[in-house]
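Beneath this line is the structure, given in structure tokens, with notes to follow.
The values are calculated or read from the model by the stated rules, or taken from the named source; none is laboratory data. Bear in mind that the values here come from a model prediction, so they are computed numbers and not experimental data. A quick note on method: Cβ atoms are made from the backbone with ideal geometry, for glycine too, and the neighbour counts reach across all protein chains shown.
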Amino acid sequence: MRTLTCIAALSAALLMAHSAFAASAVVKACRTDIKAQCGDEAKSGGAPLKECMKKHFSDLSGDCQVAIIRDAAVGKACRADAKKFCGDAKRAGGGMASCMRSHAADLSDGCKEALAKSSEK
């Protein structure tokens, strides 16, 4: 179980660093957890919130943990595509997600597969 928690924490770190696709799904799944575990950091956002979520990963709900892990998998699988097609897109405000959607037909098979899996329930 400790290994799973460590893997999940690493996944959370990846998510926080490379989220561009399912961020709204993570926010939706984690909204209550963010308020409960990281309310003060949520106001600041950015690095303080990322660190707080990482620190409290094992305290998050199962749905939130799954959303974070799925988003981390997408970030890892789509990193090269994001750099190739959207390297100069703004990460904030949905710019990266919008850019990636506009290149949906051009994405690698691995990225497409990760995106499909991330939308499964």
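Overview of results
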| read-out | value |
| --- | --- |
| Unmet criterion (only one of (1) free of Cβ contacts under 8 Å to residues at least 24 places away in the same chain; (2) part of a helix (DSSP H, G or I)) for Lys90 | (2) |
| Count of the range 95-109 residues which are of a type outside the set (A, V, I, L, M, F, W, C), assigned to a helix (DSSP H, G or I) and free of Cβ contacts under 8 Å to residues at least 24 places away in the same chain | 5 |
| Near pairs, Cβ below 9 angstrom, 6+ apart or cross-chain, from the range 38-52 (over 23 Å from Ile69 (Cβ atoms)) to any residue that is surrounded by 14 or more Cβ atoms within 10 Å (Cβ to Cβ) | Asp40/Pro48; Asp40/Cys52; Lys43/Leu49 |
| Members of the range 66-98 found to be acidic (Asp, Glu) and under 12 Å from Ala114 (Cβ atoms), listed by number | Asp71, Asp81 |
| Qualifying position, being touching a helix residue (DSSP H, G or I) at 6+ places or on another chain (Cβ under 7 Å), loosely packed, with under 15 Cβ neighbours inside 10 Å, within 21 Å of Lys35 (Cα to Cα) and of a type in the set (D, E, K, R), among Asp71, Asp59 | Asp59 |
| Residue check for Cys52: among the hydrophobic types (A, V, I, L, M, F, W, C), farther than 18 Å from Ser118 by Cβ and at pLDDT 90 or above | yes |
| Criterion: more than 23 Å from Gln65 (Cβ to Cβ) and without any contact (Cβ under 8 Å) to a residue 60 or more places away in the chain - qualifying residue of Lys117, Lys112 | Lys112 |
